[in-house]
Every structure is written in structure tokens, then in C-alpha cells.
1. Among the numbered conditions (1) modelled with pLDDT under 95; (2) not in a helix (DSSP H, G or I), tell me where Asp54 comes up short.
2. Filter the stretch 72-99 for residues that are among the aliphatic types (A, V, I, L, M) and crowded, with 16+ Cβ neighbours inside 10 Å and give the result.
3. Only residues in the stretch 82-101 that are part of a helix (DSSP H, G or I) count as the first member; pair them with residues that are aromatic (Phe, Trp, Tyr), Cβ under 6 angstrom, at least 6 apart or cross-chain, and list the lot.
Amino acid sequence: MKKLLEKDYGLATSKLKALALGGDLSAEEAKDLVNHPSHYNKGIETNEYIKSWDMSYAQGNVIKYVSRYNLKNTDPKLQLQDLEKAQWYLNDLVKDLKNDS
């Protein structure tokens, strides 16, 4: 899994660098697409909100997918996919709570 993530990250980084060198984006703008994409930042970055509430991984993913589903993608199929991911994590939280009680 680690190698897959490194491969995907390296590919994304090289594409951003190529785009920046092509003149369409500056290196700084390309860096912002990696570190602070607009679909993660509407007033407060989703990650900062999750950290401020000391949420678990599953809780954070529910917030992340619900808060950005319509900002990250305009394709309704991809929006639905993000909402289904949020639903999966929410169902996992419910299952855990039921098992604990």
C-alpha cells in the first residue's frame, strides 16, 4: 500500500510540476493545489476543523466527504460516490457503537 501511495503521489506531483513549467500555473499555485486545494478550504480547512474537535478517523472522514462532495467534483456520479463514502464511515461508527453497548 505504501508503495502504491508513493507512486500515486509522485505521479500527481510530477504532473503538477509539468503544468507549472508549462506556464499555466506558477510553482506556488501548483503547490497550493497539493497543500491547500479549494475544495478543502471554505473558511476553515476541513482538516483543521476535524483536529479542533479531536475526531476519530471515521468521524473525520464523514465530515470530510460530506463537506466537500459538491466542491471537489461537478459530476453527480462522483458527488454521489463521496456521499456514499461518508455513509460507509457513518455506518461503521453506528456498528461500532451498537457492538459496544
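The values are calculated or read from the model by the stated rules, or taken from the named source; none is laboratory data. Being a predicted model, the structure only gives us computed values, none of them experimental. Neighbour counts are summed over all protein chains in view; Cβ atoms, including those assigned to glycine, are modelled from backbone coordinates with ideal geometry.
1. Asp54 satisfies every listed condition except (1).
2. Result: Ala86, Leu90.
3. Cβ pairs passing all conditions: Asp82/Tyr65; Asp82/Tyr69; Leu83/Tyr69; Lys85/Tyr65; Ala86/Tyr65.
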